[in-house]
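What follows is a set of notes on a single structure, which appears directly below.
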Amino acid sequence: MGAGPGAPDLLTLRAARLIEQAEVLVWTDSLVNPQIAALAPASCERIRTSSLTLEQVLEVVQQRAMAGLRVVRLHDGDPCLYGALAEQICRLADAGIAVEVVPGLSAYQATAAALQQELTIPGVVQTIVLGRAGGRTGVPERESIARLAALQASLCLYLSARHVEEVQGELLRHYPADTPVAIGYRVSWPDQWLTVVPLEQMARTSRERNLIRTTLYVVSAALRPRSGTRSKLYSASHQHLFRGGAPEDSPTLQPAQAADPASTAPS
Ligand SMILES: C[S@@+](CC[C@H](N)C(=O)[O-])C[C@H]1O[C@@H](n2cnc3c(N)ncnc32)[C@H](O)[C@@H]1O
């Protein structure tokens, strides 16, 4: 289950409830806030994973689950991102153990919120890419930083601080040198550090702060200071399913066009 980026009050209600009912808590202590682990009952067995291999983690989870205990495996952020979720689910499925996956707020969402920034600004950028530098895990060539940069989307880079010089060099092949880059360290934790620098200063700033772990980069033209941006969605001339009235410069919506509220409705 996802523990979110760090702050305990960014946990989902569902995650909090399940932690409070846990009989065994297997948690990523290198990235999850101990205050979140502390929500488990005093009687709960707590297992830290920072010194264990994935096989050892799976062994513990499998053994406790087969003994009929309520096991919570707690990951930082959202478990579907860089959490080795696939291997864990496969192994448990092979053992006939049913799992429930509970989402969490990912680091990129917490970073955008802390910056008070939308990452999809009409006319500027409409796509978000979540990626990483290769590192020890490696990435397929078609997902290299240079390829991702060619899109010039809002690019959120996880697990990349150790390779920041190389990353900056690759990004500069496609993004202008003054493209804003947000650098977020332990976003939402009490010692959060967050800044926005031009791309050409990304590596130097990271090195000066000695950032190696728990750092997220957001490279995006959406972070440029701007005034007067106005989304069509909230414009008086833009009609959608939840706001009627005669549009000034757009044809009346027909039922078929308005069939998918998710594509037009504000959230
Ligand atoms: C193993 S990955 C897991 C990502 C996680 N599942 C998520 O959705 O955020 C760990 C990386 O996520 C990023 N990260 C996680 N929490 C963060 C935070 N609070 N602030 C900045 N970066 C964070 C860093 O890039 C870190 O190296």
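All of the numbers you see were taken from the coordinates with simple rules; none came from a lab. Quick caveat, the model's predicted, so the values are computed rather than measured. Because the Cβ atoms are built from the backbone with ideal geometry, glycine has one as well, and the counts that use them run over all protein chains shown.
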Listed residues Tyr82, Tyr108, Tyr158, most fluctuating in the chain (Gaussian network, C-alpha, under 10 Å): Tyr82
Fluctuation leader among Leu157, Leu85, Leu105 - the chain, Gaussian network, Cα springs under 10 angstrom: Leu85
Those GluC sites (Glu not before Pro) in segment 110-191 that DSSP places in a loop and that have at most 14 other beta carbons within 10 Å: none
Given the chain, longest segment not containing exposed loop trypsin sites (Lys or Arg not before Pro) (DSSP; at most 15 other Cβ within 10 Å): 1-69
Label-zone membership for segment 30-66, site Ile97, 7 angstrom Cα→C-beta point, backbone N under 16 Å: 45-49, 52-66
Label-point gap, in nm, between Ala113 and Glu23 - each point 7 angstrom along Cα→Cβ: 3.3 nm
Fraction of beta bridges assigned by DSSP in the chain that are antiparallel (%, nearest 5): 55 percent
Point-charge dipole on Cβ atoms (K/R +1, D/E -1) for the chain, about Cα centre, debye to 20: 280 debye
